[in-house]
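**Q** Shown below is the structure under consideration.
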Amino acid sequence: EFRRVLCRSLQENIRYAETFRNLRLNYNYFIEKRKTDVDLLKKRWIYVLGGFGMFLFMGCSDAWSVFVVPLEDTFGWLRTETSLAYTVKVVCFSVGNILSGILSPRIGYSKVLKTSAIMMGAGFFLSGFATQPWQIMLTYSILCGTAIGMGYNSVVSFAPLWFPEKPGTVTGLLLVGY
């Protein structure tokens, strides 16, 4: 009888020691997680600045009217061709928003945003070599328009998640750049 009580007591002491060790490990994990959370609180403003910069770059596409007259004079295009390029870009912007809404939950906001940045950069770069209206339609209207829609939706969707205490302020700050 005494031996059984002693064994049970030892087993309980071992369980208490394991519980204490687990608590200590959890406490250390909590301290490390708290340091990480503080780093994220500082980092989230860097992400907002990055989103602001992206929106500044995306907003360049809306300065289309600056390029209309030089394109018409240089290449002899009609106003309907240059106006159609901007119209198609706006339609592709909407398609990019829808595409981003479908892809973001599946592959993540970060990958959608990176894809958008690559597409946008390629579209703007290739637009510089366009000499025919169909080339502008392909590079500026379709490629850039879709990319800007994807990037816009990604940033506007996940930026408020970083700032649950003030989502409207963050979204407003970002949209100032657009």
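The values are calculated or read from the model by the stated rules, or taken from the named source; none is laboratory data. Keep in mind that this is a model prediction, so the values were computed, not measured. Positions of Cβ are backbone-derived with ideal geometry, glycine not excepted, and every protein chain shown enters the neighbour counts. Side chains included, ligands, DNA and RNA excluded: accessible areas come from the protein's heavy atoms. Shrake-Rupley method; radii C 1.70, N 1.55, O 1.52, S 1.80 Å.
**Q** How big is the convex hull of the Cα atoms of the stretch 50-178, per residue, in Å³?
**A** Expressed per residue, the convex hull around the Cα atoms of the stretch 50-178 is 92 Å³.
**Q** Between Cys60 and Glu165, what is the label-point separation in nm under the 7 Å Cα-to-beta-carbon projection?
**A** Distance between the two pseudo-spin positions: 3.6 nm.
**Q** Select from Pro167, Ala117, Leu138 the residue farthest towards the positive end of the dipole of the stretch 55-178; place +1 on Cβ of Lys and Arg, -1 on Cβ of Asp and Glu, and compute about the Cα centre.
**A** After comparing all options, I get Pro167.
**Q** Right, next: Measure off 7 Å from each Cα along the Cα-to-Cβ vector at Val69 and Ser94, then give the distance between these two points in nanometres to one decimal.
**A** Once both label points are built, they end up 3.0 nm from each other.
**Q** Next question. Can you tell me which of 55-62, 159-166 comes out highest on packing, and rank the rest after it, using the mean Cβ neighbours within 10 Å?
**A** Ranking, from highest mean packing down: 55-62, 159-166.
**Q** Also: By the scheme Lys and Arg +1, Asp and Glu -1, what is the net charge of all other residues having a beta-carbon under 15 Å from that of Leu175?
**A** After counting each charged neighbour, the total is 0.
**Q** How much accessible surface area, in Å² rounded to 10, belongs to the heavy atoms of Cys144 with a 1.4 Å probe?
**A** Estimated to the nearest 10 Å², Cys144 gives 0 Å².
**Q** Further question: Can you tell me the dipole magnitude for the stretch 56-152 around its Cα centre, using point charges on the Cβ only (Lys, Arg +1; Asp, Glu -1), in Debye to the nearest 20?
**A** Dipole size: approximately 460 debye.
**Q** Another question about this same structure. Could you rank Met120, Met54 by how accessible they are, 1.4 Å probe, largest area first?
**A** Result of the area sort, largest leading: Met54, Met120.
**Q** With r as the distance between the Cβ atoms of Gln132 and Val176 and R0 = 25 Å, compute the FRET efficiency 1/(1 + (r/R0)^6) and round to 0.05.
**A** Once rounded, the FRET efficiency stands at 0.10.
**Q** In the stretch 68-178, if the dipole is taken from +1 on Lys/Arg beta carbons and -1 on Asp/Glu beta carbons about the Cα centre, which of Ile107, Val68, Asn153 is farthest to the positive end?
**A** Ile107
**Q** Here's another thing I want to ask about it. What do you get for chymotrypsin sites (Phe, Trp or Tyr not before Pro) in the stretch 59-141 restricted to DSSP loop and a cutoff of at most 11 other Cβ within 10 Å of the site's Cβ?
**A** Passing sites in the stretch 59-141 are Phe129.
**Q** Now, a different point. Express in Å², to the nearest 10, the accessible area of Lys42 obtained by rolling a 1.4 Å probe over the protein heavy atoms while all chains stay in place.
**A** 140
**Q** Given the whole protein assembly as supplied and a 1.4 Å probe, what does the accessible area of Ile107 come to in Å², nearest 10?
**A** 80
**Q** Considering only Cα-Cα distances, which of the following residue pairs are longer than 22 Å: Lys89/Lys166; Lys43/Lys166; Lys43/Lys114?
**A** Violating the 22 Å limit, Cα to Cα: Lys89/Lys166.
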